[in-house]
1. Determine which member of the set PHE38, PHE49 is under 26 Å from LEU276 (Cβ atoms), surrounded by fewer than 22 Cβ atoms within 10 Å (Cβ to Cβ) and of a type outside the set (A, V, I, L, M).
2. Got a sec? Which of GLU334, GLU345 is free of Cβ contacts under 8 Å to residues at least 12 places away in the same chain, closer than 29 Å to SER186 by Cβ and out of contact with any strand residue (DSSP E or B) (no Cβ under 6 Å at 6 or more places or on another chain)?
3. For the list (1) assigned by TED's automatic domain parsing to the domain that holds GLU134; (2) over 20 Å from THR359 (Cβ atoms), I need the number of the one condition that PHE247 fails.
4. Looking only at segment 293-347, how many residues end up being on the phi > 0 side of the Ramachandran plot and assigned to a loop (DSSP other than H, G, I, E, B)?
5. Mind listing whichever residues of segment 371-411 are in a helix (DSSP H, G or I) and of a type in the set (Asp, Glu)?
6. Quick check on segment 269-289. Is at least one of its residues among the small types (Gly, Ala, Ser), in a strand (DSSP E or B), modelled with pLDDT of 95 or more and more than 27 Å from ASP41 (Cα to Cα)?
7. Kindly evaluate PHE215 against the criterion of being under 26 Å from GLU88 (Cα atoms), of a type in the set (Phe, Trp, Tyr), crowded, with 21+ Cβ neighbours inside 10 Å and modelled with pLDDT of 95 or more.
Amino acid sequence: MNHHYDVIIVGARVAGATLAYELSTAGYEVLLVDKSEFPSDILSTHNFFNNSLKILREMGVLDKLLQTGTPLYKRAVVQFEDAVIDGEFPEVDGESECLCIRRVHLDQILFEHAASQPRVTTIEGFRVTDVIREGDAVNGITGVHRSGSAEQFTAKLVVGADGRNSTLRKLVNSPQLMAVPTDYASYVGYFSGYEQEGDLHVELYKIKDKMVIVFPTSDQLYVLGVMFPLDDQEWSDRFTASPETAFRELVDSGFADSPLPARLRQSALDGKIRGLRGYDNDWYQGMGAGWALVGDALSFKDPAVGQGMHDALYTARILTEILSQHDNWDAEWESMAQTYRTMTETKMMPRYHMACQITKNVPFTTEQTMVNRFIAAHPEATQAFLGMYNHALEPEQFGGVIGRLLQGSSAQVGYAEANDVSGG
């Protein structure tokens, strides 16, 4: 086996496999390693809004993903207290449908696709233990195989694509630039027999201090996530004692004025309820001498905004673009790092701020409630609201859309706070 590459990627799931594919297409020799073996599952959101499907199609994997039988959807139903926002996501780049595919299918297909590319070498079951340095720059990794044997590899660049708790990020001491802790505990389960009315759709509920998200997913299942305040000791104890019972009781008691309890009662849990108790909406330095970060290793955001999958694809693609525009990496780390930071912040920061709003347990104000009702009553406002999630509209443009619509309306709404309706 070769022991020197242009790029080593640590983490071979969505961000890492996509980056390996993109780099191979650009002509680079790549080593892709992961501590897991595929297929394997992981606790994570796994939804692609339609703005991401163009990238999957261009990569040549969309048809393979659809062959799993995972359904496509266009519609969203969002209930903020008594306001029910119901509409379709606006078209982006000629794509109109969204896809929420389970990670056990998604990650294997992306990994196999990357592994099939020329110039990509893969190693499963390889746990990175340290980085190798030459002067101030990172130029390789050391790690351990499942067999217990140690091995090291060198490269011009080492990339961390290993998620929210990135090992590579810790080893290179990437500075944390921002962190907003969540106020919520999250629990997730897959259910069979869940039935919606009308077209398949994503559901989001925020009522008082609790939230639920629902996506149609693979294997004829729906994935449901419930969120309640971290400091609610009663619900914390109930979830610890009996996760499924607590999950169902929280939905019954907290969402009685929605169709959610009736749908869940007729559903059967498939597998176990899994929890994520506390996390930061974070942002780290994305590149330094000999290293870079992509996907959740760079920035993790509250799952309720559904941006993780898109950002994994996007950061992989733009990192490849930046590397391809520079011939002498060793002399250009600083300029490449600045370009990477500018591009990621421009594209991703608005949804990061949306996530920071959603992640706080703050009730809707009177003005926000009025805006939510206005959005629910006006199809164009609904389209604009959903367009913030799939990048058809930038969040900073949303208030202007609402203001323009209000000029022709007799509704008296304090729309100055309209940018806050994406979660409170």
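The values are calculated or read from the model by the stated rules, or taken from the named source; none is laboratory data. This structure is a prediction, so every number in the text was calculated from the model and none was measured. Every residue, glycine among them, receives a Cβ derived from its backbone with ideal geometry; neighbour counts consider all protein chains shown.
1. Values: PHE49 fails: surrounded by fewer than 22 Cβ atoms within 10 Å (Cβ to Cβ).
Exactly one residue qualifies, and that residue is PHE38.
2. GLU345
3. With respect to (1) assigned by TED's automatic domain parsing to the domain that holds GLU134; (2) over 20 Å from THR359 (Cβ atoms), PHE247 is out only on (1).
4. Our first condition is that a residue be on the phi > 0 side of the Ramachandran plot; within segment 293-347, this holds for 295, 306.
This time we only want the ones that are assigned to a loop (DSSP other than H, G, I, E, B), so: 306.
Number of matching residues: 1.
5. Of all residues in segment 371-411, those in a helix (DSSP H, G or I) come to 371-377, 379-387, 395-407.
If the condition is that a residue be in a helix (DSSP H, G or I) and of a type in the set (Asp, Glu), then GLU380, GLU396 are the ones that fit.
6. Yes, segment 269-289 contains at least one residue that is among the small types (Gly, Ala, Ser), in a strand (DSSP E or B), modelled with pLDDT of 95 or more and more than 27 Å from ASP41 (Cα to Cα).
7. Numbers: under 26 Å from GLU88 (Cα atoms): yes; of a type in the set (Phe, Trp, Tyr): yes; crowded, with 21+ Cβ neighbours inside 10 Å: yes; modelled with pLDDT of 95 or more: yes.
So PHE215 passes the test.
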